[in-house]
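Data block below; observations after.
No lab work stands behind these numbers, since they all come straight from the coordinates. Keep in mind that this is a model prediction, so the values were computed, not measured. Counting neighbours? That spans all protein chains shown, and the Cβs are built from the backbone with ideal geometry, glycine included.
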Amino acid sequence: MEEERIVIAGFGGQGIMFLGKLLCHAGMLDGRHITYLPSYGVEVRGGTACCNVIISSEEIASPVITSPTTAIIMNTPSMIRYEPEIVKRGLLIVNSSIVDRHPKRKDIGVVMLPATTIADRMGNTRVANMVALGGFLSKSQIVKTETVLAAVGEVLPPYRQHLAELNRRAILEGKAAADAQGPDAIWSKITRGFGLG
Amino acid sequence: MAKVTIDSRRCKGCELCVEACPHGVIVMSTALNDRGVHFAQPARLEECTGCGLCAVMCPDVIIEVEK
Amino acid sequence: MTTVFKRPESLKDTETHYCSGCGHGIVHRLIAEVVDELGIRERVVGIAPVGCAVLAYEYFNFDVSEAAHGRAPAVATGMKRARPDLIVFAYQGDGDLAAIGMAEIIHAANRGEHITVFFVNNAVYGMTGGQMAPTTMLGQKTETTPRGRNALGEGAPIRVAELLAQFDGVKFVERCTVSKPRNVLKARAAVKTALSLQIEGKGFGFVEILSPCPTYWGLQPRVAMRMIEERMEEIFPLGRIKEPAAEG
Amino acid sequence: MAEKHLMCGNEALSEAAVAAGCRCYFGYPITPQNEVTAYMSRRMPEVGGQFVQSESELAAINMVFGAAVVGARAITTSSSPGISLMQEGISYIAANELPAVIVNVMRGGPGLGNIGPSQADYFQATRGGGHGDYRTIVLTPASVQEIVDHVILAFDLADRYRNPVLILIDGVLGQMVEPVEIAPPPAADLPAKDWALTGCKGRPPNKSRSLILGENELLEMNRRLQEKYRAIEAAEARHEAVDAADAEILLVAYGSPARTCRSVVRKYRERGYRIGLFRPVTAWPFPSAALAECAKGASAVLVVEMSAGQLVEDVRLTLGPAANVLLLGKPGGEVIQAGELEAEIDRIIGLHKMKRR
């Protein structure tokens, strides 16, 4: 079974939910089973945003993630919260422009990606989420990058269509930056696929 | 002359029609109906102008007026 | 000979359960007469309240539903929204409308629902045996105000018509009474204005009718009618509180 | 075939109501079902329908009553505390024998509780909930697609039996996004609504009432209702059984915990343990006969629910005092995790010295 259980977390306004929905949409287009569960209510009002995305080759049990295979972390509080929960040999994508500390875990793969800096350089801070997504696509094969790029236009609401191209470029920038972190990183040696364990 | 018909069986004896009549046409009976009340009855029909005010006040809609 | 007065078609030829001299019978008849006059008997739907008029669906000769206590304006909202072609009215007493159902009437009025509400105010709870109503007058003795209603702790009577008239969604408000023939005819005119307003699709219409409760006022029906004029009208002044807007 | 859309449960149920021909939504915001009110406020005007944000849940359910009594398909949605407020109206709807669809996206209770997912309204849903002897048909979908299918089914069942139908989902199902297909359902063969208050043109007036004062009249009315409920029990009990036929341990769960159970069953089957899942799809009528059949060979029946133990009572009622019915219940708006369930299963395996086969 191939399955990614992805926690995406950061501040409200960082495009956390959009990242999750885009990933799901791509998963659906690739013929995967997917579930998406946003945090809601009180938690949202606390200023943090988080969503759980599961993409699997098989039917998905609970959409609630307790042991993520991947965490995409866009701020420091989320790093503190989710780093310990990642499964062994799991993947941690960190927006190193904002997160001011290094992960402690040695048993997971880590990509430190200056997503906000890259996004700024591209002229729009708000595509940092897409840069981080590119980082994930560099290390996971659960969805095809082409599918994600194709899904951008479908997930963006009509009034944001003019940003589709920028989003696609940011994904590719992020992917390239993560690719450059070298094929020796531990995740490339790991057959990812964590089952239910 | 006008004609007032009162369904005395259904009369609850509230006397609002008696009060309403400007000409004292309607009086209460001494007899009781099946409900055990003294019912309203037209007594001096020759005085009736057919104004219908008795019927206007009747909560039980048992008065018909013709003229 | 021509008929001056006979039972309207919209009122079933049946005895009511109302007490002798109760105003509900008159109000029912007025509504039925106007429904006949406007020719809407086949597209009107009434809502009976919880209270003395709970059995109104047994008396009107057109479609009538019950509503839970106080919820008639919500039920009317659902009906009218689902079937705008129907003419929908709610018939409510003072407990139903002004106590337990205050939220529903306020919000239906404020939304300007295209419905008509007939509010029969007799300042007492009849069905449950003569307890205080939100419209009970100060000093009025009831089962639950044995020393007379006291503003301190029991509040003063609520003037619902004035309360509702302030909402923009409310297009017509009149307070009338059935205390004597002239007033009954005025009440009939108000009922007609309110239902016509709905037929024309102009919004929420409200008619409050001061009505006697001889039984729980402990008065002869004739005296009860005088009591409306002598006591109730002081607190609940008669008249048109909100005129329907002119055409256009 | 209809296109697949990504929708959360709350949005999907809204669109399914539209597909079912419902043009009346009345509701009051409450987490975790606010997506419905937002969605419907936009969608209803698009399809020529009515949306009213009511002043309370009391008003909402009575607006549903009003729309239903004039013959329209109407829906309201809420979450636990709001559903409690609706109980009066649901009792009236049941008594007046009106069709209506009500969705409860359950949250943690009692009281204001929290907004976490819960299944603690099972008693309320399956026992009537309001005053008087009545029942609501209760559907318990376990996926976003099933939510859609159940909404469409609910409108048909409501019309067929002139009865309120409650869809019981938890906060997780309301919030989670899955791909769904929403196709307009084929027209069902449903009885004409000749009882509706549509204006008495060409017929005697209709009345809708539940105050029934005549001697024995209410008794008769209740007997008739009970006959209807027996007919519903005979025809509409639904369930799903997964690997239940030879199960030594039978899990019983509905809604989102049933999803966790299903994956755990798969895992233990792969390891060689005879374990199965029984999922009531209707909580009322409860699929008793099917459960009794599935549980025949089980040494242990483990009920898994996000409450302190409510479904478990129906299971015990079905299987009798001799059956070994256990409970993994978690109240308080908390999800039951696979790990907790596996620990309990391991304990049962140890206790009964069950063997891999």
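Backbone amide hydrogens, once placed in the peptide plane, bring D:Arg209 within less than 5 Å of C:Glu66, excluding anything fewer than 5 places away on its chain.
Scaled to the compact-protein estimate 2.2 N^0.38 Å, what is the alpha-carbon radius of gyration of chain A, rounded to two decimal places?
Working: Rg = 15.2 Å, N = 197, 2.2 N^0.38 = 16.4 Å.
Ratio of Cα Rg to 2.2 N^0.38 Å: 0.93.
Ordering C:Thr116, C:Met127, C:Ala151 by Cα displacement along the dipole of the stretch C:87-175 toward the positive end leaves C:Ala151 in first place; charges were set at the Cβ atoms of Lys, Arg (+1) and Asp, Glu (-1).
What do you get for trypsin sites (Lys or Arg not before Pro) in the stretch A:95-148 restricted to DSSP loop and a cutoff of at most 16 other Cβ within 10 Å of the site's Cβ? Answer in residue order: A:Arg101, A:Lys104, A:Arg105, A:Lys106, A:Lys144.
How big is the Cα convex hull of the protein assembly as shown in projection, averaged over all directions, in nm²? It would help to have the intermediate numbers written out before the result.
Working: hull surface 175.6 nm².
Here the figure is 43.9 nm², rounded to one decimal.
Sorting D:Trp195, D:Trp284 by the number of Cβ atoms found within 10 Å of their own Cβ, with the fewest placed first, yields D:Trp195, D:Trp284.
In what sequence, highest mean first, do A:172-181, D:165-174, C:92-101, D:26-35 appear when ranked by Cβ atoms within 10 angstrom? Could the numbers behind the result be given before it?
On the way: A:172-181: 18.2, D:165-174: 29.3, C:92-101: 26.4, D:26-35: 22.9.
Sorting A:172-181, D:165-174, C:92-101, D:26-35 by mean packing, highest first, produces D:165-174, C:92-101, D:26-35, A:172-181.
Size check on the stretch C:24-242: the Cα extents along the three principal axes, sorted descending, read 49, 33, 31 Å. Put a dot 7 Å past each Cα toward the Cβ at A:Arg121 and A:Arg89; how far apart are the dots in nm? The answer from the label model is 3.3 nm. A convex hull fitted to the Cα coordinates of the stretch D:14-103 yields 76 cubic angstrom per residue. Amide H contacts under 5 Å for C:Val45: C:Ile87, C:Val88, C:Phe89, restricted to partners 5 or more places along the chain or on a different chain, H placed in the peptide plane at 1.01 Å from N.
If N is the number of residues in chain D, what value comes out of its Cα radius of gyration divided by 2.2 N^0.38 Å? Mind showing how you got there, number by number?
Numbers: Rg = 20.8 Å, N = 357, 2.2 N^0.38 = 20.5 Å.
Relative to the 2.2 N^0.38 Å estimate, chain D comes out at 1.01.
Which shape class applies to the stretch B:3-66: rounded if a/c is under 1.5, otherwise prolate when a/b exceeds b/c and oblate if not, where a ≥ b ≥ c are the square roots of the Cα gyration tensor eigenvalues? Prolate, since a/c reaches 1.5 and a/b exceeds b/c.
Per-residue 3J(HN,Hα) values for the stretch A:110-121, derived from phi via the Karplus relation 6.51 cos²θ - 1.76 cosθ + 1.60 with θ = phi - 60°, read 10, 10, 8, 10, x, 5, 5, 4, 4, 4, 4, 4 Hz in sequence order (x marks Gly and Pro).
Provide the FRET efficiency to the nearest 0.05 for the B:His38-D:Ser56 pair, computing r from the beta carbons and using R0 = 56 Å.
0.70
Across peptide C:13-19, the average count of Cβ atoms from other chains found within 10 Å of a residue's Cβ is 4. Note on chain D: with a GNM built from Cα contacts shorter than 10 Å, the maximum mean-square fluctuation among D:Gly255, D:Gly199, D:Gly276 falls on D:Gly199. As a length-normalised measure over Cα pairs under 8 Å and 6 or more apart, the relative contact order of chain C settles at 18 percent.
Out of the trypsin sites (Lys or Arg not before Pro) in the stretch A:1-91, which ones are loop residues according to DSSP with at most 13 other C-beta atoms within 10 Å? Write out the running numbers ahead of the final one.
Working: sites: A:Arg5, A:Lys21, A:Arg32, A:Arg45, A:Arg81, A:Lys88, A:Arg89; in loops: A:Arg32, A:Lys88, A:Arg89.
Answer by residue number: A:Lys88.
The mean number of partner chain beta-carbon atoms within 10 angstrom of a residue's beta-carbon across peptide B:9-18 is 5.
Across peptide D:52-59, the mean count of Cβ atoms from other chains lying within 10 Å of each residue's own Cβ comes to 6.
In chain D, helical runs assigned H by DSSP with n ≥ 4 each contribute -39500 (n - 2.57); averaged across all residues and rounded to the nearest 500, the mean residue ellipticity at 222 nm is -13000 deg cm²/dmol.
Quick check for me: using +1 on Lys/Arg Cβ and -1 on Asp/Glu Cβ, what's the dipole size of the protein assembly as shown about its Cα centre, in debye to the nearest 20?
Numbers: 92 positive and 95 negative charges, 212 e Å.
My answer is approximately 1020 debye.
Taking D:Gly71, D:Gly320, D:Gly89 in turn, the Gaussian network model of chain D (Cα-Cα springs below 10 Å) assigns the largest fluctuation to D:Gly320. Note on the stretch D:62-118: Kirkwood hydrodynamic radius from all Cα pairs is 12.0 Å, rounded to one decimal. Of C:Arg71, D:Arg266, the sequence from fewest to most neighbouring Cβ atoms within 10 angstrom is D:Arg266, C:Arg71. Ranking C:Pro214, A:Asn167, D:Phe26 by Cα position along the charge dipole of the protein assembly as shown, where only Lys, Arg, Asp and Glu carry charges on their C-beta atoms, puts A:Asn167 farthest toward the positive end.
Phi angles of the stretch D:216-224 translate, via the Karplus equation with coefficients 6.51, -1.76, 1.60 and θ = phi - 60°, into HN-Hα couplings of 6, 5, 5, 4, 5, 4, 5, 5, 5 Hz per residue; Gly and Pro are given as x. Among the listed pairs D:Lys296/D:Lys330; C:Lys180/D:Lys207; D:Lys228/D:Lys296; B:Lys67/C:Lys242, a Cα-Cα separation exceeding 28 Å is found for C:Lys180/D:Lys207; D:Lys228/D:Lys296; B:Lys67/C:Lys242. By the rule of a second cysteine Cβ within less than 4.7 angstrom, chain B holds isolated cysteines at B:Cys11, B:Cys14, B:Cys21, B:Cys48, B:Cys51, B:Cys58. Each residue in A:Ile72, C:Ile241 was given a count of other beta-carbon atoms within 10 angstrom of its own, and listing them fewest first yields C:Ile241, A:Ile72.
Where the only charges are on Cβ atoms (+1 Lys, Arg; -1 Asp, Glu), what is the dipole of chain D about its Cα centre, to the nearest 20 debye?
Working: 36 positive and 40 negative charges, 108 e Å.
Charge dipole, chain D, about its Cα centre: 520 debye, nearest 20.
Simple spin-label estimate for D:Glu270 and D:Gln226 gives 5.1 nm between the two label positions (7 Å along the Cα-to-Cβ direction from each Cα).
Distant-in-sequence amide contacts of D:Val138, defined by a placed amide H-H separation under 5 Å and a gap of 5 or more residues or a different chain, comprise D:Leu166, D:Ala283, D:Trp284.
Under 16 Å from a point 7 Å along the Cα-to-Cβ line of C:Thr144: which residues of the stretch D:85-106 have their amide N that close? Once the point is set 7 Å along Cα→Cβ of C:Thr144, nothing inside the stretch D:85-106 turns out to lie under 16 Å by backbone N.
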